[in-house]
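S.K.: Take this structure first; my questions come after.
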Amino acid sequence: MLDLISIFAAAAIAGVLVSLLGQPVLLGYLIAGLIIGPFGLNLIQEYDQVQIVAELGVTFLLFTLGVEFSFSELQKVKNIAIGGGGLQIILTIGITLILSLTVGLVTTIPEGILLGELITLSSTAVVLKILIERNEIATLHGQVMLGILIVQDLALGLILAIMPALNKPVEEISIAVGIALVKILIFGLVAVAIGKWIIPRILRLLAKTESKELFLLGVVAICLGIALVTGALGLSTEMGAFVAGLMISEVEYSDQTLAYVEPIRDICVAAFFVSIGILINPIFLWQNLPVILALVTFVLVAKTVIITPLVLLFRYPLKSAIIAGLGLAQIGEFSFVLAKEGKKYALISENLYLLILGATAVTLALTPFIFRGIPIIFAGAKAIPGIRDLLAKADVPLDVAENLPYQNHIIVCGYGQVGSNIVKLFQERNYPVLVIDESEQRIQQLREAKIPYIYGNPASEAVLEKAQISAARGMAITLPDSMSTRLCLKRSLAFNPELDLVVRANDEEDIELLYQMGAKEVVQPEFEASLELSTHLFIGLGFPATGVQQNIQQIRQSRYASLRGDRSLAEIAQELQAATRTMGSKWYPLPDDSPLIGKTLEKAYLRRLTGATLIAIIRSNQEKIDYPTSETMINQGDNLLLVGDSDELAAFEQLAQGKVKILPQDNDSSLLVLVPENSLIIGKTLKELKIDERFGVSIQGIRRSGKYIRFPDGDNQIKAKDQLLVFGQLNKITGFTQFISEVNSEKRE
């Protein structure tokens, strides 16, 4: 009992401390285990008790995963899960076997195979926890990772079944594999039957008691009972827990089950990570540091290099493939189970066992930092011209419907529940709508419904250009993750600054930032549900409907300020720090002679001219303004926090230093003007056209086939289908537009 108290107390204290330092809680659990373990304060006397709770944590984790990840969800990723996951296991084992024998890390083929099996498994517990915390379960890369992880977990039973035969002739290995496959098939058929006819009846009976305790006990009994059956069959108990969750996911009590089991899961999972920390021997790690670092490097590089191309092979976007490769580049918790079994059958030496233990702990501790660093990696890669071009080319549309609308249409990014409802409402009014999505299953639904679609990344410039965004009337962004939402918003407004753009905020913290980045309207689903429920109740109580609606509208116009409550400056600063971590950002001290001084943000046209977004200002007197409004004035001595890629930040620096030849005036308007084919100005340079002298307008940008030329000089030639960012008085812009619309009659003929 004292051991368990020590574990949970240490986990709570260390978790709080690392959380206050802005680090992943998982790291705190590992440190807690290291401190209370035999190589620290030695507070644990009976490790077997700890191990039981830890195994319960993994069991409940996979059970809840099964409850959340229903059969219908599994259908979405079945190809990459079965095909990609299976190939990843085979390739990882094969490459590890060859390299480990070559460098002398192992001396026999069975030992090399077992090492490959240990390395091939990634961490369901760690990756799932991170995806939940980052709200990325529903993202494309999240689904890909979960699909591969599930196949790895299912393969654990097969690996355990053939392990006793690894030192025996090939015939015995084949027999062991065959027996394991038969067991899995029989278990699967029985599980489907039980899940369809027995489990729903049991849950209804438990629900009728109206006792939370009895319902929870019944669910836990189902989970552990099925896990024990799989263990008795020689398969993994974890696989049984996952299948038990899948059974419950298809009945009406799945949400209730999840709500009851999650607290137990979280406590036991914490014990699991502490138990890993207990096993870490820092002295052994230090004495074998070069070997462990080499093994960790091999795992990170090899699994990324294997998984990324496999995901690409199944026609997923490059960005999703890279995130999946990096996210699964660790040794998983089930490798401890395999390693122990390997020692039991004398397939692995004590030294290699300790090396694997140390490498596993290091990769698990590194995983949260890798996830945090993924946006930084992408931002850095985009700053390198060759890699940036490669990423841009990889983000081309994978498939395009034949019936695309090309003008005055609405674009919906993301065809989930919200996106599909928006499409349905517009179709009922026969209004042209176009959907962009990167899920093969959703694209197939769009094909069958004959809804215009583009299969690709909604944040890709090539995809947005194909969607004719510059001619669209509006856009709704309903993507499942914040990073893609921000990037899609930013790039959409670069194509069409006047676009009527409404965005779904995944998190409360995103609301102000999305408005700051140019969204016309930001909708937060939880707040909207609160407003609609309150409206109904107020009217039912006899409050005047007009007054209630006015009050609700005021709350919306205030960006849900009253619902979000008063936030301290420290909370806002922390929110900003978290947001800018996933985007390129820079603090820029404004030069004393900058032409931006004295201008409001509205009249400075920062986003339109440079693409960068200003999200915070520190005045010369140290006053800080987070999320400045369009009326905020830029003053001398300001320090500006800007968000943008390297080109956008460089363009802002050029503007702030007064290196732009002609600056927009306070009374100017701006418009993106398309150069028609056969226009008289095609092939002529800006110097030859003398646009500023003849028409009194200035061209501050040229968008051309996915490229954007900011502040073009006089030597830039105009090409057909260029989009010119024109500044000037509205009547003068109209005159210039009419001029470039005149076509060359000879070319026309």
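The values are calculated or read from the model by the stated rules, or taken from the named source; none is laboratory data. Owing to the predicted nature of the structure, the values given are computational and were not obtained by experimental measurement. Note: ideal-geometry Cβ built from the backbone for every residue, glycine included; neighbour counts use all protein chains shown.
S.K.: Which residues, counting only those in segment 399-442, are over 21 Å from Val503 (Cα atoms), touching a residue at least 40 places away in the same chain (Cβ under 8 Å) and part of a helix (DSSP H, G or I)?
M.R.: Across segment 399-442, the qualifying residues are Glu440, Gln441.
S.K.: From the list Val151, Val144, which residue is buried (at least 18 other Cβ atoms within 10 Å of the Cβ), farther than 24 Å from Leu233 by Cα and in contact (Cβ under 8 Å) with a residue 40 or more places away in the chain? If you could, list the steps in order and put the result at the bottom.
M.R.: Details: Val151 fails: farther than 24 Å from Leu233 by Cα.
Among Val151, Val144, only Val144 is buried (at least 18 other Cβ atoms within 10 Å of the Cβ), farther than 24 Å from Leu233 by Cα and in contact (Cβ under 8 Å) with a residue 40 or more places away in the chain.
S.K.: Looking at segment 443-453 only, could you name the residues that are surrounded by 13 or more Cβ atoms within 10 Å (Cβ to Cβ) and part of a loop (DSSP other than H, G, I, E, B)?
M.R.: Ile451, Pro452 - these are the residues of segment 443-453 that are surrounded by 13 or more Cβ atoms within 10 Å (Cβ to Cβ) and part of a loop (DSSP other than H, G, I, E, B).
S.K.: Against the conditions (1) modelled with pLDDT of 85 or more; (2) of a type in the set (D, E, K, R); (3) surrounded by 14 or more Cβ atoms within 10 Å (Cβ to Cβ), where does Lys208 fall short? Just the number, please.
M.R.: Result: Lys208 passes all but (3).
S.K.: Mind listing just one residue for me: the one in segment 106-130 that is hydrophobic (A, V, I, L, M, F, W, C) and out of contact with any Ser or Thr (no Cβ under 8 Å at 6 or more places or on another chain) and, of those, surrounded by the most Cβ atoms within 10 Å (Cβ to Cβ)? So that I can check it myself, show each step before the final result.
M.R.: Just the residues of segment 106-130 that are hydrophobic (A, V, I, L, M, F, W, C), to begin with: 106, 109, 113-115, 118-119, 121, 125-128, 130.
After this cut, where a residue has to be out of contact with any Ser or Thr (no Cβ under 8 Å at 6 or more places or on another chain) as well, the list is 109, 113-114, 125, 128.
Values: Ile109: 13, Ile113: 22, Leu114: 28, Ala125: 23, Leu128: 22.
Restricting to residues being hydrophobic (A, V, I, L, M, F, W, C) and out of contact with any Ser or Thr (no Cβ under 8 Å at 6 or more places or on another chain), the top hit is Leu114.
S.K.: Any idea which of Leu479, Leu464, Leu493 is touching a residue at least 60 places away in the same chain (Cβ under 8 Å), crowded, with 19+ Cβ neighbours inside 10 Å, part of a helix (DSSP H, G or I) and on the phi < 0 side of the Ramachandran plot? Spell out how you get there, then give the answer.
M.R.: Working: Leu479 fails: part of a helix (DSSP H, G or I); Leu464 fails: touching a residue at least 60 places away in the same chain (Cβ under 8 Å).
Exactly one of Leu479, Leu464, Leu493 is touching a residue at least 60 places away in the same chain (Cβ under 8 Å), crowded, with 19+ Cβ neighbours inside 10 Å, part of a helix (DSSP H, G or I) and on the phi < 0 side of the Ramachandran plot, namely Leu493.
S.K.: So, one more: For the structure I just gave you, tell me whether Glu693 is closer than 28 Å to Ala720 by Cβ, free of Cβ contacts under 8 Å to residues at least 12 places away in the same chain and acidic (Asp, Glu). Break it down into steps so the answer makes sense when it comes.
M.R.: On the way: closer than 28 Å to Ala720 by Cβ: yes; free of Cβ contacts under 8 Å to residues at least 12 places away in the same chain: yes; acidic (Asp, Glu): yes.
In short, yes.
Conditions tested, residue by residue: (1) loosely packed, with under 15 Cβ neighbours inside 10 Å; (2) assigned by TED's automatic domain parsing to the domain that holds Pro368; (3) modelled with pLDDT of 85 or more.
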position: Leu2; (1), (2), (3): yes, no, no
position: Gly22; (1), (2), (3): yes, no, no
position: Leu26; (1), (2), (3): no, no, no
position: Gly40; (1), (2), (3): no, no, yes
position: Gly66; (1), (2), (3): no, yes, no
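S.K.: Can you tell me which residues in segment 237-295 are farther than 20 Å from Thr363 by Cβ, touching a residue at least 60 places away in the same chain (Cβ under 8 Å) and among the aromatic types (Phe, Trp, Tyr)?
M.R.: Once the filter is applied, which keeps residues that are farther than 20 Å from Thr363 by Cβ, touching a residue at least 60 places away in the same chain (Cβ under 8 Å) and among the aromatic types (Phe, Trp, Tyr), segment 237-295 yields only Phe242.
S.K.: Check segment 281-294 and report whether any residue there is surrounded by 19 or more Cβ atoms within 10 Å (Cβ to Cβ), more than 18 Å from Ile93 (Cα to Cα) and outside the structural domain of Asn457 (by TED's automatic domain parsing). Lay out the reasoning, then the answer.
M.R.: At the first step, the residues of segment 281-294 found to be surrounded by 19 or more Cβ atoms within 10 Å (Cβ to Cβ) are 285, 292.
With more than 18 Å from Ile93 (Cα to Cα) added as a condition, the list becomes 285, 292.
From the residues that got through so far, the ones that are outside the structural domain of Asn457 (by TED's automatic domain parsing) too are 285, 292.
Looking through segment 281-294, at least one residue is surrounded by 19 or more Cβ atoms within 10 Å (Cβ to Cβ), more than 18 Å from Ile93 (Cα to Cα) and outside the structural domain of Asn457 (by TED's automatic domain parsing).
S.K.: Pick out the one residue from Gly240, Gly234 that is in the same structural domain as Leu65 (by TED's automatic domain parsing), in contact with a Leu (Cβ under 9 Å, 6 or more places away or on another chain) and on the phi > 0 side of the Ramachandran plot.
M.R.: Within the list Gly240, Gly234, the selection yields Gly234.
S.K.: Kindly check whether there is at least one residue in segment 311-325 that is touching a Pro at 6+ places or on another chain (Cβ under 7 Å) and in contact (Cβ under 8 Å) with a residue 24 or more places away in the chain.
M.R.: no
S.K.: Right, something else. So which of Ile681, Ile662, Ile699, Ile709 is outside the structural domain of Ala467 (by TED's automatic domain parsing), modelled with pLDDT of 90 or more and not in a helix (DSSP H, G or I)?
M.R.: On the way: Ile681 fails: modelled with pLDDT of 90 or more; Ile662 fails: modelled with pLDDT of 90 or more; Ile709 fails: modelled with pLDDT of 90 or more.
On inspection, the qualifying residue turns out to be Ile699.
S.K.: Let me ask another. Can you name the residue in segment 154-169 that is small (Gly, Ala, Ser) and in contact with a Leu (Cβ under 9 Å, 6 or more places away or on another chain) and is also nearest to Met239 (Cα to Cα) among such residues?
M.R.: Residues of segment 154-169 that are small (Gly, Ala, Ser), as a first pass: 155, 157, 161, 165.
Adding the requirement that they be in contact with a Leu (Cβ under 9 Å, 6 or more places away or on another chain) leaves 155, 157, 161.
Working: Ala155: 9, Gly157: 7, Ala161: 13 Å.
Out of the qualifying residues, it is Gly157.
S.K.: Do we find that Thr478 is within 24 Å of Glu571 (Cβ to Cβ) and among the β-branched types (Val, Ile, Thr) in this structure? Can you show your working first?
M.R.: Numbers: within 24 Å of Glu571 (Cβ to Cβ): no; among the β-branched types (Val, Ile, Thr): yes.
So Thr478 does not fit the description; no.
S.K.: When you go through Leu663, Leu674, Leu730 one by one, which is the residue that is within 30 Å of Ser630 (Cβ to Cβ), within 37 Å of the chain's Cα centre (by Cα) and among the hydrophobic types (A, V, I, L, M, F, W, C)?
M.R.: Details: Leu663 fails: within 37 Å of the chain's Cα centre (by Cα); Leu730 fails: within 37 Å of the chain's Cα centre (by Cα).
Going through Leu663, Leu674, Leu730 in turn, the sole match is Leu674.
S.K.: Let me ask you something else. Taking the options Ile82, Ile44, Ile89, Ile98, name whichever one is in a helix (DSSP H, G or I) and crowded, with 18+ Cβ neighbours inside 10 Å. Give the steps one after another, and end with the answer.
M.R.: On the way: Ile82 fails: crowded, with 18+ Cβ neighbours inside 10 Å; Ile44 fails: in a helix (DSSP H, G or I); Ile98 fails: crowded, with 18+ Cβ neighbours inside 10 Å.
Of Ile82, Ile44, Ile89, Ile98, the one residue that is in a helix (DSSP H, G or I) and crowded, with 18+ Cβ neighbours inside 10 Å is Ile89.
S.K.: Against the definition (farther than 26 Å from Gly474 by Cα, modelled with pLDDT of 90 or more and surrounded by 15 or more Cβ atoms within 10 Å (Cβ to Cβ)), how does Ile374 come out, yes or no?
M.R.: Working: farther than 26 Å from Gly474 by Cα: yes; modelled with pLDDT of 90 or more: no; surrounded by 15 or more Cβ atoms within 10 Å (Cβ to Cβ): yes.
It is false that Ile374 is farther than 26 Å from Gly474 by Cα, modelled with pLDDT of 90 or more and surrounded by 15 or more Cβ atoms within 10 Å (Cβ to Cβ).
Yes/no per residue for (1) outside any helix (DSSP H, G or I); (2) more than 30 Å from Ala14 (Cβ to Cβ); (3) out of contact with any Ser or Thr (no Cβ under 9 Å at 6 or more places or on another chain); (4) of a type in the set (A, V, I, L, M, F, W, C):
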{"residue": "Leu203", "(1), (2), (3), (4)": "no, yes, no, yes"}
{"residue": "Leu206", "(1), (2), (3), (4)": "no, yes, yes, yes"}
{"residue": "Val219", "(1), (2), (3), (4)": "no, yes, no, yes"}
{"residue": "Ile248", "(1), (2), (3), (4)": "no, yes, no, yes"}
{"residue": "Gly277", "(1), (2), (3), (4)": "no, no, yes, no"}
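S.K.: Among Ile625, Ile702, which is of a type in the set (A, V, I, L, M, F, W, C), free of Cβ contacts under 8 Å to residues at least 24 places away in the same chain, more than 15 Å from Met517 (Cα to Cα) and surrounded by 20 or more Cβ atoms within 10 Å (Cβ to Cβ)?
M.R.: Working: Ile625 fails: surrounded by 20 or more Cβ atoms within 10 Å (Cβ to Cβ).
Ile702 is the lone residue from the list that is of a type in the set (A, V, I, L, M, F, W, C), free of Cβ contacts under 8 Å to residues at least 24 places away in the same chain, more than 15 Å from Met517 (Cα to Cα) and surrounded by 20 or more Cβ atoms within 10 Å (Cβ to Cβ).
S.K.: Please find, within segment 507-526, the residue that is surrounded by the fewest Cβ atoms within 10 Å (Cβ to Cβ) out of those that are among the charged types (D, E, K, R) and part of a loop (DSSP other than H, G, I, E, B).
M.R.: First pass over segment 507-526, keeping only residues among the charged types (D, E, K, R): 507-510, 512, 520-521, 526.
Remaining after also requiring part of a loop (DSSP other than H, G, I, E, B): 507-509, 520.
Working: Asp507: 16, Glu508: 16, Glu509: 18, Lys520: 14.
The selected residue is Lys520.
S.K.: Quick one: would you say Val269 is modelled with pLDDT of 85 or more, assigned to a helix (DSSP H, G or I) and crowded, with 22+ Cβ neighbours inside 10 Å? It would help to see each step written out before you state the result.
M.R.: On the way: modelled with pLDDT of 85 or more: no; assigned to a helix (DSSP H, G or I): yes; crowded, with 22+ Cβ neighbours inside 10 Å: yes.
Considered against the rule, which asks whether it is modelled with pLDDT of 85 or more, assigned to a helix (DSSP H, G or I) and crowded, with 22+ Cβ neighbours inside 10 Å, Val269 comes out as no.
S.K.: Follow-up. If a residue has to be among the hydrophobic types (A, V, I, L, M, F, W, C), buried (at least 19 other Cβ atoms within 10 Å of the Cβ) and not in a helix (DSSP H, G or I) to count, how many in segment 295-332 make the cut?
M.R.: The number of residues fulfilling the criteria is 3.
S.K.: Shifting gears a bit: State the number of residues belonging to segment 132-141 that are in contact (Cβ under 8 Å) with a residue 40 or more places away in the chain, surrounded by fewer than 23 Cβ atoms within 10 Å (Cβ to Cβ) and either of a type in the set (A, V, I, L, M) or closer than 19 Å to Ile331 by Cα (or both).
M.R.: If we filter segment 132-141 for residues that are in contact (Cβ under 8 Å) with a residue 40 or more places away in the chain, which is where we start, we get 134-141.
Subset that is surrounded by fewer than 23 Cβ atoms within 10 Å (Cβ to Cβ): 134-135, 137-139.
Those still in the list that are either of a type in the set (A, V, I, L, M) or closer than 19 Å to Ile331 by Cα (or both) too: 137-138.
Number of matching residues: 2.
S.K.: For segment 159-178, what are the residues that are without any contact (Cβ under 8 Å) to a residue 40 or more places away in the chain and part of a helix (DSSP H, G or I)? Explain how you work it out, then say what you get.
M.R.: Taking segment 159-178 first, the residues without any contact (Cβ under 8 Å) to a residue 40 or more places away in the chain are 162, 165, 168-178.
The answer is Ile162, Ala165, Val170, Glu171, Glu172, Ile173, Ser174, Ile175, Ala176, Val177, Gly178.
S.K.: Let me ask something else. Looking only at segment 108-122, decide whether some residue is outside any helix (DSSP H, G or I), more than 16 Å from Gln330 (Cα to Cα) and hydrophobic (A, V, I, L, M, F, W, C). Lay out the reasoning, then the answer.
M.R.: Our first condition is that a residue be outside any helix (DSSP H, G or I); within segment 108-122, this holds for 108, 121-122.
Those still in the list that are more than 16 Å from Gln330 (Cα to Cα) too: 108.
So of that shortlist, the ones also hydrophobic (A, V, I, L, M, F, W, C) come out as none.
No, that holds for no residue.
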